[in-house]
Every structure is written in C-alpha cells, then in structure tokens.
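Working notes, structure below.
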Amino acid sequence: MSYLYTIDQNTKINLSGYSTDRIDKISKEDAAAHTSELGTDLNILQEAMYAAATHSLLIVLQAMDTGGKDGTVSHVFKYINPQGCNVTSFKEPAPDESGRDFLWRAHHAVPLKGMMQIFNRSHYEDVLVVRVHDLVPDKVWKRRYEQIEEFESLLDTDNTIILKFFLHISKGEQRERLLAREEDPDKAWKLSTNDWHERLFWDKYVDAYEDAIGKTAVKHAPWYIVPANDKWYRNHAIAEKLVSVLKHYKPEWETSLKELGERNKKELAVLRARDPRLAKEAECEKERKG
C-alpha cells in the first residue's frame, strides 16, 4: 500500500497532478493506531542502525510555509531515541555560511554512521528561495541541480540512506493555517508577516519545486510527495515509508551486530584470561544468578 507518491528518476513533474488530500481510504482512527505501531518498528530499526553503525540516514523535509515540517519532526520522530537523531534547520545563511559554497552548511551537518539526521529545509533552498527572489544569477542556480546530485551521490557511496519528503499542501490549506495562527494564542509565536509575503510568490515556488524535485530525483535519493493537507495522514504516510525503507537494511545490521557481539566475547575472554580477578568475578555472578 502506498500512501504517497514516489519520484525516483529525473523527470518533468506538474505538482497540480499530485493530490494534496489523502490518496488512501484509511480512517483517521486506523491511521493513528497504525502510526503508533510503526513508531515501535521505527524505534527498533533506529536502535539496530545505531548499534551496527554501518549506515546513516538523512531525511530532507521541504514544504511551502505552514506545510508541516515542524509537525512532522514532533509527531513522527517522537518514537525514536533522541540520542540517535539530530535536527538541523536551514534558515537564512549566517555570514560564515554565505561566505562559503552553498553546500558547505549541508555537508557540515550530514549524519555520522549510525545516526539519523533531519534537515528541516535544506540545501534545496539554494534552488528555491534564491530562484524565486533572484538572489543569484540564473546560470548559478541552474547548475546547482547537478551539484546537488553529485553531493547526494557522494553520501550514497558512503552508506548514507537519503529520503527526501515534499509535504504537499494546497494554497487554500495554507491560508487556513496562517489564519489559524492569528486566532490561536498557543500558535501566535509562529506568526510571521513574511509568511504572508511569501504567499504572494506561490506560483513561482511551485515552478521552483517542480524543477527541484524532477531534476534531482534518483534511485538512491528519491523524492516522496506527501499529501499533507491532513496532518494525521502526513504523519502516517511518512512513518510508513521510513519503516518500509529501513526494514530492508535490518538483516545486514543484525549480521553486523552478531559479528560485533562475537568479537566482543572473544576480546572479553582474552581479558579474563589475563586477569583471573575478572574471571572470578564473572563466575561469582553466574553462581549468584543460579
């Protein structure tokens, strides 16, 4: 069962052809129950990846303003051990970042082996915002598609699993969410006049996203277009995809863990042979447990 759209090859896409509403008949109640089950699976898979330390995971979250990036981080990743996951938010580049190549801050934040890394916005801002607002010449941002592909190919060869999610909401849904922020005291801190200003460039952002997704989607770094008007459906779709991808690596991770365990036992046996006190302590513990 697929709850989202997969783009895994360079192609021309038209976002109007992808629904922002759920594409499966699953109910909100069933989705919530299944998301919780998937959360348990995700926790187990994360622990296996962390312990094996043979792979890392990079998750890219992109969306229009109010698209649900923060909500995805809060709800989907609440199931995992925070020690094994980092989140990097890509806002306007700081002076030390803008003075370097556009991929520097992304490369600076890629995950270590065994770790999950979430990019809340990402290096793709440099073919989105800079294009929409003419911050760099066309010839500069146009060659960045190939540079991004090469960057992600490098990560892939170093055993980084790359999953890129575009949280797809409608223009009407964005309006409702912006207005809701004005009315809800608990969400007032999210209010930004810039969000309303950026809304004026909706069509330009759509064009930019269509090119960014279509020109950088490949097998080892696919894009997933997530119908995200319903937040609960978005969370379920992303959790399901994460588990379905990571479970394919579980046998390899379990093999690595078995080998690591056997190696540790051999090293411990050697240590105990060198120091009888440790061997005696181990024997006493066995007797105590009986």
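Give me the one-decimal nm value for the distance between modelled label points at I23 and K187, 7 Å along each residue's Cα-to-Cβ direction.
2.6
Between K171 and A51, 0.36 nm times their residue separation minus their Cα-Cα distance comes to what? Walk me through the numbers before you get to the answer.
Numbers: separation 120, 0.36 × 120 = 43.20 nm, distance 4.28 nm.
Length difference between fully extended and current span is 38.9 nm.
Any idea what the relative contact order of the chain is, in percent, if you count C-alpha pairs under 8 Å spaced at least 6 apart?
34
Per residue, how big is the convex hull of the chain when only Cα atoms are used? Give it in Å³.
Roughly 193 Å³ of hull volume per residue.
Rank these for me by crowding, E252, E198, going from fewest to most other beta carbons within 10 Å.
E252, E198
Across segment 24-29, in residue order, what do the Karplus-derived ³J(HN,Hα) couplings come to in whole Hz, using 6.51 cos²θ - 1.76 cosθ + 1.60 with θ = phi - 60° and x for Gly and Pro?
The phi angles translate into 10, 7, 4, 7, 4, 5 Hz.
Express the relative contact order of segment 147-290 as a whole percentage, based on alpha carbon pairs under 8 Å and six or more residues apart in sequence.
Reported as a whole number, the value is 28 percent.
How would you rank 7-16, 237-246, highest first, on the average number of other Cβ atoms within 10 Å across their residues?
Result, highest mean first: 237-246, 7-16.
Mind sorting H34, H248, H123, H236 by how few other Cβ atoms lie within 10 Å of their own Cβ, fewest first?
The most exposed by this proxy come first: H248, H34, H123, H236.
Please give the FRET efficiency for H34 paired with T255, using the beta carbon to beta carbon distance and R0 = 30 Å, rounded to the nearest 0.05.
Here the calculated transfer efficiency is 0.55.
Say we join alpha carbon atoms closer than 10 Å with springs in a Gaussian network model of the chain; which of L163, L38, L103 then has the biggest fluctuation?
It is L103.
Under the classification rounded if a/c is under 1.5, otherwise prolate if a/b is larger than b/c and oblate if not, where does segment 1-49 fall, given a ≥ b ≥ c as square roots of the Cα gyration tensor eigenvalues? Write out the running numbers ahead of the final one.
Details: a/c = 4.27, a/b = 1.44, b/c = 2.96.
Oblate, since a/c reaches 1.5 and b/c is not below a/b.
Show me the chymotrypsin sites (Phe, Trp or Tyr not before Pro) within segment 189-290 that DSSP assigns to loop and that have at most 15 other Cβ atoms within 10 Å of their Cβ.
When the chymotrypsin sites (Phe, Trp or Tyr not before Pro) of segment 189-290 are filtered for loop state and at most 15 Cβ neighbours within 10 Å, F201 remain.
Roughly what would the spin-label model give for W232 and K91, points 7 Å off Cα along C-beta, in nm?
The two pseudo-label positions are separated by 3.3 nm.
Rank A273, L200, G71 by how far each Cα sits towards the positive end of the charge dipole of the chain (+1 on Lys, Arg Cβ; -1 on Asp, Glu Cβ) and give me just the farthest.
A273
Coordinate-derived values only; no laboratory data. Note that this is a predicted model, so its numbers are computed, not measured. All Cβ positions, even for glycine, are placed from backbone atoms using ideal geometry, and neighbour counts span all protein chains on display.
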